C-alpha cells in the first residue's frame, strides 16, 4: 500500500483534532504537528488556503465516503422479509453514523459561528438518511401515507443517532446495550408500526 500524501495526512489529522477539541480550539500549528510537519512553519498553507478550506476538504472526503456507503445499501434491498431488511437497514445506518462520527463531533463542538459548509454537510447527511429510510418504508409498504412514512423515517434515524450520540458526541458512556440487541428492539418497534399501517 502506498504512502499517504501530506495533504491527506493534514485532512485526516485536522478532522481528528476538530472532532476532539473543536474547530475553533484547534490551531494550524497543532494540525501541522499532528500531520508530521514542523508546527508553525506554514506547511499547511502549501496545501490549503486556510483552516476553513482544510475543513471543507475533510467534509468533502466524508461526503465521498457517504456516496460509497449508499451503494452498499442496494445489496440488501429485496430480501423479501420486513424484519430482515429492517435489521440490515439499522446496521447500515449505524455504520453511516460511525463513519460520520468525526463530523458529528465537530458539529456538536461548534454550536454557533461554524462554517456554512459544515451545516450543509450535516443537513445533507441527515436529509439523506431520513430520505433513505422513508423511501425504503414506501418501497416495502406502498400503501403507507407520505406523512406516516416520513415519521417512521425520522424516528428510526433519530433513535439510532441517540444510540451513538452518548459516546460519539458527548463522549460519555451511559446505560447501553449491545448494538445487535438495540437493532433487534429497533427492528421490532419499526416493523410493528409498519405492519399496523399496511
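The values are calculated or read from the model by the stated rules, or taken from the named source; none is laboratory data. Nothing here was measured: the structure is a model prediction, and the numbers come from that model. Here the Cβ is made from the backbone with ideal geometry for all residues, glycine too, and neighbour counts use every protein chain on show.
Please find, among 49, 33, the residue that is more than 27 Å from residue 97 (Cβ to Cβ) and surrounded by fewer than 16 Cβ atoms within 10 Å (Cβ to Cβ).
That would be 49, the only listed residue that is more than 27 Å from residue 97 (Cβ to Cβ) and surrounded by fewer than 16 Cβ atoms within 10 Å (Cβ to Cβ).
Filter the stretch 147-171 down to the residues that are within 19 Å of residue 103 (Cα to Cα), touching a helix residue (DSSP H, G or I) at 6+ places or on another chain (Cβ under 7 Å) and assigned to a helix (DSSP H, G or I) and list them by number.
Passing the criteria: 157, 159, 160, 161, 163, 164, 168.
Does residue 144 satisfy the condition of being in a loop (DSSP other than H, G, I, E, B), modelled with pLDDT of 90 or more and surrounded by 18 or more Cβ atoms within 10 Å (Cβ to Cβ)?
Against the criterion (in a loop (DSSP other than H, G, I, E, B), modelled with pLDDT of 90 or more and surrounded by 18 or more Cβ atoms within 10 Å (Cβ to Cβ)), residue 144 qualifies.
Using beta carbons and a limit of 9 Å, which pairs, at least six apart or on different chains, have the first residue in the stretch 9-23 and touching a residue at least 12 places away in the same chain (Cβ under 8 Å) and at positive phi and the second one surrounded by 23 or more Cβ atoms within 10 Å (Cβ to Cβ) and part of a helix (DSSP H, G or I)?
22/106
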